[in-house]
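Comments concern the structure below.
The values are calculated or read from the model by the stated rules, or taken from the named source; none is laboratory data. Bear in mind the structure is a predicted one, so any value in this text is a computation, not a measurement. When we count neighbours, we look across all protein chains shown, and the Cβ atoms used for this are built from the backbone with ideal geometry, even at glycine.
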Amino acid sequence: MAVDHTEAPVLQALVEFRQAGRLSFTPPGHKQARGADPAVRDVLGDAVFLGDVLASGGLDDRLERGRVLERAEELLADAVHADHTFFTTCGSSLSVKAAMLAVAGPHEKLLIGRDAHKSVVSGLVLSGIEPVWVEPRWDAERSIAHPPSADEFEAAFRAHPDAKGALITSPTPYGACADLRAVAEVCHRRGLPLIVDEAWGAHLPFHPDLPTWAMDAGADICVTSIHKMGSGLEQGSVFHLQGDLVPPQVLKMRADLLGTTSPSVLIYAGLDGWRRQMALHGRALMDGALRLAAEVRSVIEDMDGLHVNDRADFCGPGLADDFDPLPVIIDISQLGTTGYQAADWLREHRGIDAHLTDHRRIGAQITHGDDQETAKELLTALKDLTHVAPDLPSGPRVDVPQPAELRMEQAQLPRDAFFGPAEDVPLADAAGRIAAEMITPYPPGIPAVLPGERLTEPVLRYLKSGHTAGMNLPDAASSDLSTIRVTTPHHA
């Protein structure tokens with residue numbers, strides 16, 4: 001059946017809600033801005049409150065007979081070649097948990113790339129799924145991880161034939177991509193589903209020069225954050241489904257188990273409007289973004305002390321299979337400072353917020369929302385950074401382990417370690433103990449320590465030196481990393 005992508009059911013329903021002049025004796029309690037604090041109205045504007053209505057009994061009737069949300073989801077599924085699409089307003093952190101729960105249950109195995117986001121680990125803690133970690137492809141020269149290969153998943157399935165499926169992250173926040181078609185084939189030869197955490201890939205379906213996106217590559221479930229590389233509001237996420245390996249009603253039930261019963265219509269409207277924007281204009285918008293990113297990359301590469309990681313850096317034997325050029329990842333190691341200090345200087349002195357920051361890189365994400373003016377501001381700020389870099393303090397050195405030293409034994413299930421008896425011990429005494437917490441450098445949000453892993457000196461030195469240098473560890477139980485939460489000896 002032909003669909004009309006000029007429609008936007010959620011947005012149209014909001015217009016109709018306002019035109020009807022309905023008077024709601026329901027939540028939200030601000031009652032269409034009338035009860036909102038005047039200072040908040042001054043900052044946010046009344047449009048935010050006017051769009052904040054009940055999804056059921058406001059945007060649609062109490063039985064949802066207008067099928068407003070359902071029609072919006074059907075349109076997005078059509079736009080990106082999926083069989084089913086589900087909106088969520090709790091971010092991809094919820095979506096990926098729902099996907100995991102739809103594929104495996106407590107004490108069942110799931111193959112997972114060890115470069116997974118912390119939301120995946122949270123899903124393990126909540127579900128009791130047993131992870132079988134699949135090693136990323138480590139670039140020791142650049143101290144960066146790329147998605148695991150299809151061969152690594154093949155070997156993991158052979159070692160764990162009772163696994164229920166696999167989960168891979170692609171693209172990474174750095175723009176490195178896996179050969180998803182090959183990984184899907186590894187799974188499907190066994191009749192098992194592949195979940196792709198494609199949170200950074202909302203734009204991929206809309207231009208042929210971008211890496212192949214998960215549904216076109218044959219994945220069964222794909223999780224996408226529309227707020228990252230798309231035009232949605234923060235927390236706007238979708239998960240797509242195709243094939244018959246995961247029943248749609250099961251996936252929907254798992255999402256309902258975790259999701260809010262008070263979804264934000266504002267976020268729904270952002271998802272719906274973004275789909276219409278991309279279905280009608282996505283190719284042209286991505287053309288512009290790709291051209292701009294290429295220009296920005298070229299100019300930065302000519303700046304003394306800066307190097308833009310490109311396809312030659314990220315792709316090749318033992319590295320990533322493909323590359324998204326829109327996350328502009330800049331290696332600043334030649335400036336003699338760290339990414340943390342460079343990002344802080346750019347924010348404080350030039351009003352520029354970098355995305356990714358690590359011991360040697362900063363990231364400048366380019367989207368279809370950027371233009372020549374924003375690019376000029378970025379490039380001017382980076383040029384200024386190269387001039388002041390000699391006067392910046394070198395900063396504490398981050399003790400980055402070799403790839404083999406980063407991996408620790410998964411001695412217990414994440415759920416058992418997280419919820420079991422635990423104690424806080426000094427960092428100096430933590431090596432050899434089993435972690436009862438998650439410790440995650442953020443961004444990009446890939447945990448260095450998982451509950452149930454046996455701690456080692458190299459990883460502890462990395463975290464402590466990173467914290468001293470400016471690494472953000474928002475989920476550590478001890479904010480200064482003076483102690484580590486570990487399982488008690490009798491529990492270990």
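Across the stretch 198-246, the qualifying residues are those that are surrounded by fewer than 24 Cβ atoms within 10 Å (Cβ to Cβ) and charged (D, E, K, R), and the one among them that is farthest from Leu271 (Cα to Cα) is Asp244. For the stretch 412-435, the set of residues classified as closer than 20 Å to Gly466 by Cα and assigned to a helix (DSSP H, G or I) consists of Leu427, Ala428, Asp429, listed by residue number. Could you list, in sequence order, the residues of the stretch 88-115 that are part of a loop (DSSP other than H, G, I, E, B) and buried (at least 24 other Cβ atoms within 10 Å of the Cβ)? Within the stretch 88-115, Ala104, Asp115 meet the criteria.
Residue-by-condition table, conditions (1) touching a residue at least 60 places away in the same chain (Cβ under 8 Å); (2) within 18 Å of Val132 (Cα to Cα); (3) in contact with a strand residue (DSSP E or B) (Cβ under 8 Å, 6 or more places away or on another chain); (4) of a type outside the set (A, V, I, L, M, F, W, C):
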{"site": "Ala389", "(1), (2), (3), (4)": "yes, no, no, no"}
{"site": "Leu392", "(1), (2), (3), (4)": "no, no, no, no"}
{"site": "Pro396", "(1), (2), (3), (4)": "yes, no, no, yes"}
{"site": "Met408", "(1), (2), (3), (4)": "no, yes, yes, no"}
{"site": "Gly420", "(1), (2), (3), (4)": "yes, no, yes, yes"}
{"site": "Val425", "(1), (2), (3), (4)": "yes, no, yes, no"}
{"site": "Ala430", "(1), (2), (3), (4)": "no, no, yes, no"}
{"site": "Met438", "(1), (2), (3), (4)": "yes, yes, yes, no"}
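Within the stretch 181-188, none of the residues are out of contact with any His (no Cβ under 6 Å at 6 or more places or on another chain), crowded, with 23+ Cβ neighbours inside 10 Å and in a loop (DSSP other than H, G, I, E, B). Criterion applied to Ala279, Ala293 was being over 20 Å from Gln365 (Cβ atoms), of a type in the set (A, V, I, L, M, F, W, C), outside any loop (DSSP other than H, G, I, E, B) and in contact (Cβ under 8 Å) with a residue 24 or more places away in the chain, and the one residue passing it is Ala279. Residue-level check: of (1) more than 18 Å from Ser143 (Cα to Cα); (2) in contact with a Cys (Cβ under 6 Å, 6 or more places away or on another chain), Phe323 misses just (1). Against the list (1) over 30 Å from Met278 (Cα atoms); (2) in contact (Cβ under 8 Å) with a residue 60 or more places away in the chain; (3) charged (D, E, K, R), the condition Arg34 fails is (2).
Across the stretch 331-353, the number of residues qualifying as among the small types (Gly, Ala, Ser) and in a helix (DSSP H, G or I) comes to 4.
For the stretch 189-200, name all the residues that are touching a residue at least 40 places away in the same chain (Cβ under 8 Å) and either in contact with a Cys (Cβ under 8 Å, 6 or more places away or on another chain) or not in a loop (DSSP other than H, G, I, E, B) (or both).
Pro193, Ile195, Asp197
Looking only at residues of the stretch 351-375 that are among the small types (Gly, Ala, Ser) and more than 10 Å from Ile329 (Cβ to Cβ), we find that the one that is surrounded by the fewest Cβ atoms within 10 Å (Cβ to Cβ) is Gly351. Report yes if some residue within the stretch 417-424 is surrounded by 18 or more Cβ atoms within 10 Å (Cβ to Cβ), charged (D, E, K, R) and outside the structural domain of Ser122 (by TED's automatic domain parsing); otherwise report no. Within the stretch 417-424, not a single residue is surrounded by 18 or more Cβ atoms within 10 Å (Cβ to Cβ), charged (D, E, K, R) and outside the structural domain of Ser122 (by TED's automatic domain parsing).
Can you list residue pairs whose Cβ atoms sit under 8 Å apart, with the first residue in the stretch 354-369 being part of a loop (DSSP other than H, G, I, E, B) and the second being of a type in the set (Asp, Glu) and at pLDDT 95 or above? Count only pairs 6 or more apart in sequence or on different chains. Correct list of pairs: Arg360/Asp331.
Residue by residue, here is whether (1) touching a Gly at 6+ places or on another chain (Cβ under 7 Å); (2) assigned by TED's automatic domain parsing to the domain that holds Ser143; (3) within 28 Å of Pro205 (Cβ to Cβ) holds:
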site: Met286; (1), (2), (3): no, no, yes
site: Val299; (1), (2), (3): no, no, no
site: Ala312; (1), (2), (3): no, no, yes
site: Gly316; (1), (2), (3): no, no, yes
site: Asp322; (1), (2), (3): no, no, yes
site: Ala343; (1), (2), (3): no, no, no
site: His349; (1), (2), (3): no, no, no
site: Leu356; (1), (2), (3): yes, no, yes
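Once the stretch 254-279 is narrowed to residues that are of a type in the set (Val, Ile, Thr) and farther than 18 Å from Phe17 by Cβ, the residue that is surrounded by the fewest Cβ atoms within 10 Å (Cβ to Cβ) is Thr261. Taken as a whole, the condition of being hydrophobic (A, V, I, L, M, F, W, C), on the phi < 0 side of the Ramachandran plot, exposed (fewer than 15 other Cβ atoms within 10 Å of the Cβ) and touching a residue at least 40 places away in the same chain (Cβ under 8 Å) applies to Val3.
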